[in-house]
Amino acid sequence: MLQFKSSKHPYSILLQGESVNNPPMPLIRDTKGSINIYCPSPIHGRSFVVGKNAQGEYIVSKGNGLSYTNNSFLDFSKIGDDVWGYLPKKNAIRDFQIGNEIKSLGINTNHMEYVLQIDSKIKIGTNYFTPYLLQYTVKCPYRISDFAFLDENQKKIIIEDISTANNNKFKNNYLYVADVLVNNLYILHKNHVMHNALHAQNYTWALELLDFEASRTDNYPYEDYRYEEYVKILSRGEIIQTYEVINYVAWCLKENIDYTLIDDIFAKYGFKLIQK
């Protein structure tokens, strides 16, 4: 992992999850800070590993600043939606609430701990803004998309963990992963949930589904009714997104993918890849 420096700030707790064992960690990336935080790979952007608890879970914080450039935050809009490295309040809350709802459906996700408000203002140029952090735990800090950046020992550990989870239920490990991911998609769609970003960036190697700020459920529909009208159409695209993740996993595991078997898994869960 890449090491960065951060500083601790005064904070308020806006939301707290159930069965939280870890204290709030109100950290903002700061090149002059004294607290180490870690970025699993160069493509993580604004999420950092900020600790590891007694249960062996990794504590992740989202919205702490950028893991690239010399600047913690970049402002392209005078403190609007285009502040890179920043997590808006409404997005943090939406991520927390929808994540808990999806977890309740039986899908393996991150465990939400806190939505924190940093009470000290952060300055960008001449502007000041209030950061918000989403803190959660995961079994694995590495996203599927991180694989290319890992050392050989870490790759070996990941492959061994996937094989252990498979436990010979499927002939190949990628087929085990495919079954889990397609089952997740079935559960989501059965409950009228659209994740809206089922990419390799949003699954860990423990097959934990992450990042729900752009998702929608019946309890948390999109505010723009026009966007709601496209949900059924956009949901179909999640079939292809899931297929792409499976394809990438097979490549990472160095297993030759049999698309007939993958199509059979989709069919098992009721997905029609060709409309007749």
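The values are calculated or read from the model by the stated rules, or taken from the named source; none is laboratory data. Quantities reported herein were computed from a predicted structural model and do not represent experimental measurements. Neighbour counts are summed over all protein chains in view; Cβ atoms, including those assigned to glycine, are modelled from backbone coordinates with ideal geometry. For the accessible areas, the whole protein counts, side chains as well, though only heavy atoms, and no ligand, DNA or RNA atoms are used. Shrake-Rupley method; radii C 1.70, N 1.55, O 1.52, S 1.80 Å.
Rundown of residues vs (1) touching a residue at least 40 places away in the same chain (Cβ under 8 Å); (2) assigned to a loop (DSSP other than H, G, I, E, B); (3) over 25 Å from residue 215 (Cβ atoms), yes/no style:
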residue	(1), (2), (3)
98	yes, no, no
103	no, no, no
106	yes, yes, no
115	yes, no, no
120	yes, yes, yes
134	yes, no, no
140	yes, yes, no
153	no, no, yes
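Identify all residues within the stretch 98-134 that are more than 30 Å from residue 179 (Cα to Cα), of a type in the set (Val, Ile, Thr) and buried (at least 17 other Cβ atoms within 10 Å of the Cβ); write none if there are none.
Those that are more than 30 Å from residue 179 (Cα to Cα), of a type in the set (Val, Ile, Thr) and buried (at least 17 other Cβ atoms within 10 Å of the Cβ): 115, 118, 122, 124.
Inside the stretch 124-159, can you point out the residues that are of a type in the set (Asp, Glu) and within 22 Å of the chain's Cα centre (by Cα)?
Answer for the stretch 124-159, where residues must be of a type in the set (Asp, Glu) and within 22 Å of the chain's Cα centre (by Cα): 146, 151.
Answer yes or no: is there a residue in the stretch 175-183 that is buried (at least 23 other Cβ atoms within 10 Å of the Cβ) and within 25 Å of residue 240 (Cα to Cα).
Yes, because at least one residue in the stretch 175-183 is buried (at least 23 other Cβ atoms within 10 Å of the Cβ) and within 25 Å of residue 240 (Cα to Cα).
Across the stretch 50-70, what is the total count of residues that are open to solvent by less than 10 Å² (accessible area, probe 1.4 Å) and in contact with a Cys (Cβ under 8 Å, 6 or more places away or on another chain)?
0
Only one of these conditions is not met by residue 95: (1) open to solvent by 30 Å² or more (accessible area, probe 1.4 Å); (2) touching a Leu at 6+ places or on another chain (Cβ under 9 Å); (3) modelled with pLDDT of 85 or more. Which number is it?
(1)
For the stretch 192-276, give me every one of the helices (runs of 4 or more DSSP H) that falls completely inside it and has 3 or more residues that are in contact with a strand residue (DSSP E or B) (Cβ under 7 Å, 6 or more places away or on another chain) and open to solvent by 60 Å² or more (accessible area, probe 1.4 Å).
Counting at least 3 such residues, we get no helices (runs of 4 or more DSSP H) at all.
Can you tell me which residues in the stretch 1-32 are among the basic types (Lys, Arg), over 23 Å from the mean Cα position of the chain (by Cα) and crowded, with 17+ Cβ neighbours inside 10 Å? Spell out how you get there, then give the answer.
Within the stretch 1-32, the first condition is being among the basic types (Lys, Arg), and the residues that meet it are 5, 8, 29, 32.
Of the ones still in play, those that are also over 23 Å from the mean Cα position of the chain (by Cα) are 8, 32.
Correct list: empty.
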